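What follows is one structure encoded as structure tokens, with my remarks underneath.
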Amino acid sequence: SLRRTVELLDERFGYIHSAIYLTDETGVVANLREASGLRAKEFSSKGLRITAGANSIIGWVLEHKQAKVTGNITHEELRQSAELLVECRSQASLPIMIANQILGVLDIQHNLPDAFPPDVMAVLQTIANHIAAVIENYHLLETTQSALNEVSALYQASYQMARANTPDEVVRITSAALKQTNYLA
């Protein structure tokens, strides 16, 4: 789960804060989905929303679809972001993407400066890619389940239509079946 992912990042790597922001269908606005570490409950209760291009590292990542690392947060022009912890000295935000579609941002903060060398960033990007694959698989599962439900409803309707005795029964069955699907009729 996404919750366990952020918890493991903090536990295994010693980060002070890990968070996953997921975008809406436009890919322009990201909402905090899970957070772990310092003040995670406070962050989650705020319902943080960040827009692409906003004055934050996460906003930058959403806009540019590239990872952004800040080794010394006190000198970063984007340091005034609402999602930043006071204790934070370095931050890494990585895009969660499938192909060229941004699904969210993995945000990691550390209380030490320069905590994200290139080898660590490669590991974090791999984790972000796995998160993207899990999200994509979940969406595919939802879509498949929805299609299966529709096919099942249409099969039941066709079975009932085959047993109908009057044209009015066929119309009633067809109308009921169409109301169960997502298609306009």
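The values are calculated or read from the model by the stated rules, or taken from the named source; none is laboratory data. Everything quoted here is computed from the prediction, not taken from an experiment. Neighbour counts are summed over all protein chains in view; Cβ atoms, including those assigned to glycine, are modelled from backbone coordinates with ideal geometry. All accessible areas refer to the heavy atoms of the entire protein, side chains included, with ligands and DNA or RNA removed. Shrake-Rupley method; radii C 1.70, N 1.55, O 1.52, S 1.80 Å.
Would you please name the residue that is nearest to Val120 (Cα to Cα), looking only at residues in segment 78-96 that are touching a strand residue (DSSP E or B) at 6+ places or on another chain (Cβ under 6 Å) and either assigned to a strand (DSSP E or B) or modelled with pLDDT of 85 or more (or both)?
Residue satisfying both the conditions and the ranking: Ala92.
Restricting attention to segment 45-61, does a residue exist that is in a strand (DSSP E or B), open to solvent by 10 Å² or more (accessible area, probe 1.4 Å), modelled with pLDDT of 90 or more and not small (Gly, Ala, Ser)?
There is no residue in segment 45-61 that is in a strand (DSSP E or B), open to solvent by 10 Å² or more (accessible area, probe 1.4 Å), modelled with pLDDT of 90 or more and not small (Gly, Ala, Ser).
Go over the candidates Thr143, Thr174 one by one and state the one that is surrounded by fewer than 15 Cβ atoms within 10 Å (Cβ to Cβ), in a helix (DSSP H, G or I) and either of a type in the set (Phe, Trp, Tyr) or out of contact with any Lys or Arg (no Cβ under 9 Å at 6 or more places or on another chain) (or both).
Just a single option satisfies the conditions, and that option is Thr143.
Among residues belonging to segment 62-73 that are in a strand (DSSP E or B) and in contact (Cβ under 8 Å) with a residue 24 or more places away in the chain, point out the one that is nearest to Pro117 (Cα to Cα).
Restricting to residues being in a strand (DSSP E or B) and in contact (Cβ under 8 Å) with a residue 24 or more places away in the chain, the top hit is Val69.
Going by the structure shown, is Tyr21 touching a His at 6+ places or on another chain (Cβ under 7 Å) and either at pLDDT below 90 or closer than 21 Å to Ala122 by Cα (or both)?
Criteria not met by Tyr21.
Considering only residues that are exposed (fewer than 12 other Cβ atoms within 10 Å of the Cβ) and over 24 Å from Ala54 (Cα atoms), which ones fall in segment 93-122?
Selection gives Pro117, Pro118, Asp119, Ala122.
Does segment 48-66 hold any residues that are hydrophobic (A, V, I, L, M, F, W, C) and under 16 Å from the mean Cα position of the chain (by Cα), and which are they?
Correct list: Leu48, Ile50, Ala52, Ile58, Val61, Leu62.
Scan segment 1-44 for residues that are in a loop (DSSP other than H, G, I, E, B) and open to solvent by less than 80 Å² (accessible area, probe 1.4 Å) and report the count.
Adding up the residues that qualify gives 7.
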